[in-house]
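Asker: What follows is a structure written as structure tokens; I'll ask about it next.
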Amino acid sequence: MALPVSLDAIIEAHQRIAPYIRRTPLMKLNDRAFGLECAVTFKLEYLQHAGSFKSRGAFNTLIKKATPQTAVTAASGGNHGAAVAFAARALGLPAKIFVPEISAPIKVATIRNFGAEAIVGGAIFDDAYAACLDYQKQSDALLVHPFDAIETLEGQGTIGKEWEEDGSLPDTVLIACGGGGLVGGIASWWHGRVKIVGVEPEGSRCLHAALEAGAPVPVDVKSVAADSLGARTVGRYAFEIAKHAVDHVALVDDAAIRSAQQILWRDFRIMSEPGGAAALAALLSGVYKPKQGERVGVLLCGANVDPATVVS
């Protein structure tokens, strides 16, 4: 079955955004890392511009759809907003970003540091998105959706393309899920060739719930990673992709996420936000159990965090 995002579309997206993004490196860990009998490789996407993978989708959207006179708007828990602000500044476009009250102050400050206007638009992401839609209708600004847009998925899919070109093909890749743009894009690239495992917090499981219900459904959101993995409903494109290209979704608790954050700092001096550490949490906590000799890829996807919340 053809997925909503094709390999050719991802290749074209990479050609489009390559002059503007960083090609983030891979880190192959030592044998028996974390005491596991599998080979582990990190994709260091937290080194991307604006501190997360989101810059890929933001640049792809703006380069494809914006004109020199376009005003830009987005709703975001923080990372998407920072990426849109960064991309808009690079392309000379004004941006207005709507964020919920749960957004980390460091993420809101980053949006403003990139020259965009940041407006608090309610308690959770859905509230901020509603405020953003109201503004978009009044202003006719270009809306850059954080996960439920083909251009966003194409941009995030370029991570898989780079990963494959820069290293050997993994057997399994663990990917944190919020609204599904990241896992949907990468799964589109590797469909049928690599096992894709989504990872969600127990308290924010919109993709897991959708796959159980057979359709996107709203969920309650309460997690330490809610500012980046806190969508109430998975995107419709990501859901269609996940039905065919995601093996399953693993759920991790907040304690495991916090532990993974601390281990990343202690052992690698990697400062990760909770959502960025969620995929590793699935491996370290045993929620995902690799086979002996399995080649496991872990995507470290975000680093917009106050260091004081990680270093104890």
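Asker: Determine if region 219-232 includes at least one residue that is within 12 Å of Ile175 (Cα to Cα) and either under 16 Å from the mean Cα position of the chain (by Cα) or not in a loop (DSSP other than H, G, I, E, B) (or both).
Answerer: Keep residues of region 219-232 that are within 12 Å of Ile175 (Cα to Cα), which gives 229.
If we keep only those that are either under 16 Å from the mean Cα position of the chain (by Cα) or not in a loop (DSSP other than H, G, I, E, B) (or both) too, we end up with 229.
Among the residues of region 219-232, at least one is within 12 Å of Ile175 (Cα to Cα) and either under 16 Å from the mean Cα position of the chain (by Cα) or not in a loop (DSSP other than H, G, I, E, B) (or both), which makes the answer yes.
Asker: What are the residue pairs meeting all of these: first residue in region 226-239, first residue in the same structural domain as His208 (by TED's automatic domain parsing), second residue of a type in the set (D, E, K, R) and part of a helix (DSSP H, G or I), Cβ atoms under 7 Å, and 6 or more apart or on different chains?
Answerer: Final answer for the pair search is Asp227/Lys107; Arg232/Asp126.
Asker: Which of the helices (runs of 4 or more DSSP H) found entirely inside region 100-184 contain at least 2 residues meeting this: in the same structural domain as Val252 (by TED's automatic domain parsing)? Spell out the reasoning first.
Answerer: Details: elements: 105-113, 125-139, 150-166.
So the answer is 150-166.
Asker: Can you find a residue that is out of contact with any Leu (no Cβ under 9 Å at 6 or more places or on another chain) and crowded, with 24+ Cβ neighbours inside 10 Å anywhere in region 262-279?
Answerer: Scanning region 262-279, I find at least one residue that is out of contact with any Leu (no Cβ under 9 Å at 6 or more places or on another chain) and crowded, with 24+ Cβ neighbours inside 10 Å, so the answer is yes.
Asker: Quick one: count up the residues across region 13-25 that are outside any loop (DSSP other than H, G, I, E, B) and exposed (fewer than 15 other Cβ atoms within 10 Å of the Cβ). Explain how you work it out, then say what you get.
Answerer: Going through region 13-25, the residues outside any loop (DSSP other than H, G, I, E, B) turn out to be 13-17.
Checking which are exposed (fewer than 15 other Cβ atoms within 10 Å of the Cβ) leaves us with 15.
Total meeting the criteria: 1.
Asker: While we're looking at this one, here's another question. If you scan region 52-78, which residues turn out to be out of contact with any Asp or Glu (no Cβ under 8 Å at 6 or more places or on another chain), at pLDDT below 95 and buried (at least 24 other Cβ atoms within 10 Å of the Cβ)?
Answerer: Selection gives Ala75, Ser76.
Asker: Need pairs with beta-carbon distance below 7 Å; first residue part of a loop (DSSP other than H, G, I, E, B) and within region 296-312, second among the basic types (Lys, Arg); sequence gap 6+ or separate chains.
Answerer: Pairs found: Asn304/Lys107.
Asker: Related question: State whether the residues of region 250-268 include one that is among the charged types (D, E, K, R), under 15 Å from the mean Cα position of the chain (by Cα), over 19 Å from Ala149 (Cβ atoms) and assigned by TED's automatic domain parsing to the domain that holds Met27.
Answerer: The answer is no; no qualifying residue exists.
Asker: Of the residues Ala82, Ala74, which is outside any helix (DSSP H, G or I) and either touching a strand residue (DSSP E or B) at 6+ places or on another chain (Cβ under 7 Å) or under 28 Å from Pro19 (Cα atoms) (or both)?
Answerer: Numbers: Ala82 fails: outside any helix (DSSP H, G or I).
Result of the check over Ala82, Ala74: Ala74.
The values are calculated or read from the model by the stated rules, or taken from the named source; none is laboratory data. Here the structure is a predicted model, which is why all the values come from computation and not from measurement. Note that each Cβ is placed from the backbone with ideal geometry, even for glycine, and that neighbours are counted across all protein chains shown.
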